[in-house]
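Bear in mind that the values in this text are calculations on the coordinates, not laboratory data. Given the structure is predicted, the values throughout are model-derived calculations rather than measurements. Reconstructed Cβ throughout: ideal geometry from the backbone, glycine too, with neighbour counts over all protein chains shown.
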Amino acid sequence: MAGKVFLVGAGPGDYRLLTLKACDCLKRADTVVYDRLADKRILQYAPQNAEFIYVGKASSQHTMTQDKICQLLVDLGKAGKTVVRLKGGDPFVFGRGGEEALLLQKNNIPFEIVPGVTSAISVPAYAGIPVTHRGVAASFSVITGHEDPTKDSSDINWEKLATATDTLVFLMGVANLPKITAKLIENGRPATTPVAIIRWGTKLQQQVWTSTLVEAAAMAQREGIKPPCIFLVGDVVNLRADLAWFDNIAMKPLFGKKVLVTRSRSQASKLTTALEELGAECIEAPAIKIVPPVDNYEALDKAIGQLDKYNWLIFTSTNGVEHFWHRLVAGGKDARVLYKARICAIGAATAQALASHGITADVVPERYQAEGIIEALDNELIAGTKILIPRAAEARALLPEALTKAGAQVDVVVAYETVMGDAEAVEIRNSLAKGEIDVVTFTSSSTVENLLKILKEPELLKEAQLAAIGPITAETMQKNGLTADIVAAEYTIEGLVQSIKEAF
């Protein structure tokens, strides 16, 4: 039975401009076929076990030709897969989505088109340039700027285009600027018309240059402007002087800083979003991956089956909460089975995770680490107190040993494991070697150990500032020959972000 292909627009660059329908499609995907301009953070919405196929195309550098991409979609559809073809911008605005859809239709493969936010209007908007404006521009045109310069004739009717609409938006046009500007002037567009070139629009590294039509090509060459860019022509460019709202990020405390986020892909967004709100550019390099325990939850399920025997449940992470709750529900149970036990959460984030399931933690220690739990429970324990700790396989022995020494009967069950993540080693090494990374964040001991395994060259971290979420992570760094330049005063994501902000 044939599968189905969703031709999905990923938006112009800022991954938060992804549509809700696009997100829904990704959640159903067996295979995601994605482009160069689709932000990789969008991939987090697909299932972890989905197949990911990169078919990005840069100027003169094609991972896969368009014909082969079209055939790949057909082959995947015939294999019964639910496929998301993720394309930068909108599939039908110079995205060649029509070619892909036609071949799918010819082969009787069901498909849907999911429009995306096109760069033709969103990128100028992020640059403070409306493509239409009352009294300035009542019309606009979107034109490819990527015609083959060796062609004998152009498919663009330059004579009519040059003055037909108030605003002209050329996509992918920076390489052909000499021809584009010459043709427009030759066909009646005033040489003094304001223009803008916008590179990496809607992303934190967005750059904007303004000039006039006659000077644009020389400016691009002088400034060394390279794709991906949009070239915009029209009087609306003058509005940028008052409407350049996105440029305010340059006033934020972490503007211009590149931060390597080593959290698992499923958890990185919270840290990334907080840092980007302060102007940082984040590169997500998951050093760890959260997976079920090797016993496939056997020990955890057994413990959940006899919760009525425990006086205390201690949760030492949000992951512990989520995996515990996953198995609780899988066993046909709910929060009512916890009626006999008191609950301890290691910190505010873990307490919040419990609260999302309707549980209020009885104890949250002032220090968000094992030592804090021991102190907080010091007056709560009597001989024979039964305690359950669902946690990571790699956790420290300090907590259960100290509780046992105090007379408690402690059962530790593995709720999840952390394994090496899928960070792109070559890309990270290159960025570190070039000195492009200002800060590397570590949110657990396992992120430290696994990043070092991925890099294989610890010295690559010497030039960056190294930030630890707390003293335990900092201690692991020290054991591995690294020094924490920044240690969060409060051992939470919010605390880590605040400490990075203060350091700069």
* To do: Using packing as a proxy for protection, rank 377-388, 270-281, 96-107 so that the peptide with the highest average count of other Cβ atoms within 10 Å comes first.
  => 270-281, 96-107, 377-388
* **For the chain: relative contact order, % (alpha-carbon pairs under 8 angstrom, 6 or more apart)** => 11
* Structure fact -> Note to self, the chain gives a 222 nm [θ] from helices alone (DSSP H runs n ≥ 4, -39500 (n - 2.57) apiece, / all residues, nearest 500) of -9000 deg cm²/dmol
* Asked: Taking +1 at the Cβ of each Lys and Arg and -1 at the Cβ of each Asp and Glu, which of Trp245, Thr132, Thr192 sits farthest along the dipole of the chain towards its positive end, judged by Cα position relative to the Cα centre?
  -> Thr132
* If you line up the long axis of helix 66-78 against the longest principal axis of the chain, both from Cα atoms, how many degrees apart are they, to the nearest 10? -> 50
* Structure fact -> The farthest towards the positive end of the charge dipole of region 298-419, of the residues Gly332, Leu313, Thr350, given +1 on Cβ of Lys and Arg and -1 on Cβ of Asp and Glu, is Gly332
* Give the long-range amide H neighbours of Ala79: residues separated by 5 or more places, or on another chain, with amide H under 5 Å away, using H modelled in the peptide plane at 1.01 Å from N. => Gly3
* Asked: So what are the ³J(HN,Hα) numbers for region 3-17, from phi and the Karplus equation (6.51, -1.76, 1.60; θ = phi - 60°), rounded to whole Hz, Gly and Pro as x?
  -> x, 8, 10, 9, 8, 10, x, 8, x, x, x, 5, 5, 6, 8
* Asked: Ordered by packing density, taken as the mean number of other Cβ atoms within 10 Å over each peptide's residues, highest first, how do 177-188, 236-247 rank?
  -> 177-188, 236-247
* Asked: Could you give the angle, 0 to 90 degrees to the nearest 10, between helix 318-330's Cα long axis and the longest principal axis of the Cα atoms of the chain?
  -> 80
* Per-residue HN-Hα couplings for region 217-224, Karplus 6.51 cos²θ - 1.76 cosθ + 1.60 at θ = phi - 60°, whole Hz, x for Gly and Pro? -> 5, 5, 5, 4, 5, 5, 8, x
* Structure fact -> Sequence order, region 238-251: Karplus ³J(HN,Hα) from phi using 6.51 cos²θ - 1.76 cosθ + 1.60, θ = phi - 60°, Hz rounded, Gly and Pro as x, gives 5, 6, 4, 4, 9, 10, 6, 5, 5, 5, 5, 4, 5, 8
* Asked: How large is the charge dipole for the chain, taken about the Cα centre, if only the Cβ atoms of Lys, Arg (+1) and Asp, Glu (-1) carry charge, to the nearest 20 debye?
  -> 780
* Asked: Whose amide H sits under 5 Å from the amide H of Cys229, counting only residues 5 or more places off or on another chain, with H placed in the peptide plane?
  -> Met172, Gly173, Val174
* To do: Name the residues whose placed amide hydrogens come within less than 5 Å of the amide hydrogen of Phe6, ignoring near sequence neighbours (fewer than 5 apart) on the same chain.
  => Val83, Val84, Arg85, Glu112
